[in-house]
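The values are calculated or read from the model by the stated rules, or taken from the named source; none is laboratory data. Quantities reported herein were computed from a predicted structural model and do not represent experimental measurements. Here the Cβ positions follow ideal geometry from the backbone for every residue, glycine too, while neighbour counts run over all protein chains shown. Side chains are part of the model used for accessible areas, which takes the heavy atoms of the whole protein and leaves out ligands, DNA and RNA. Shrake-Rupley method; radii C 1.70, N 1.55, O 1.52, S 1.80 Å.
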Amino acid sequence: MSHDQGQTLVHMVNQIAANLSGGRETAEAVEGVCAHLEKFWARSMKQRIVACLDEPDSGLEPLARQAVTRLAERQAAKAG
């Protein structure tokens with residue numbers, strides 16, 4: 001995926017995090033975002049957003065970064 005596609009995914013996950021964070025505790029919001037990504041995003045999209053964790057200045061907001069980190073942990077657990 002190109003850099004532009006990665007930035008589109010970052011924008012999307014930031015929007016999801018903003019929408020799912022309203023009135024929730026942080027842990028609950030992180031879980032909600034991660035569950036959304038697992039359920040609705042294609043494998044290639046999930047792989048690309050996880051790869052963004054390694055990019056300096058990826059643009060991920062803190063809540064989105066936490067959710068993507070959790071997604072990465074779950075993917076690693078399934079693979080290993």
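How many nm separate the modelled label positions at Ala76 and Glu31, each set 7 Å beyond the Cα in the direction of the Cβ?
Between Ala76 and Glu31, the label points sit 2.1 nm apart.
Rank by packing, highest mean first: peptides 20-29, 42-51, 60-69, 7-16, with packing defined as the count of other Cβ atoms within 10 Å averaged across residues. Show your work: numbers first, answer last.
Values: 20-29: 13.1, 42-51: 15.0, 60-69: 20.3, 7-16: 17.7.
Answer by packing, highest mean first, reads 60-69, 7-16, 42-51, 20-29.
Pop out the ³J(HN,Hα) list for the range 47-53 in order, Karplus 6.51 cos²θ - 1.76 cosθ + 1.60 with θ = phi - 60°, rounded to Hz; leave Gly and Pro as x.
Rounded to whole hertz, the list is 5, 5, 5, 5, 4, 5, 4.
Of all the accessible heavy-atom surface of the chain, with the other protein chains kept in place and a 1.4 Å probe, what percent is carbon and sulfur? Don't skip to the end; give the middle numbers.
On the way: 2430 of 4860 Å².
Taking all protein chains in place, the chain shows 50 percent carbon and sulfur surface.
Of the labelled options [x] 15.8; [y] 12.4; [z] 13.9, which one gives Kirkwood radius over Cα pairs in Å as computed for this structure?
[y]
If you roll a 1.4 Å probe over the heavy atoms of the protein chains, what accessible area per residue do you get for the chain, in Å²? Intermediate values should be presented prior to the final figure.
Details: 4860 Å² over 80 residues.
Heavy-atom accessible area per residue stands at 61 Å².
Measure off 7 Å from each Cα along the Cα-to-Cβ vector at Met12 and Arg24, then give the distance between these two points in nanometres to one decimal.
The answer from the label model is 1.8 nm.
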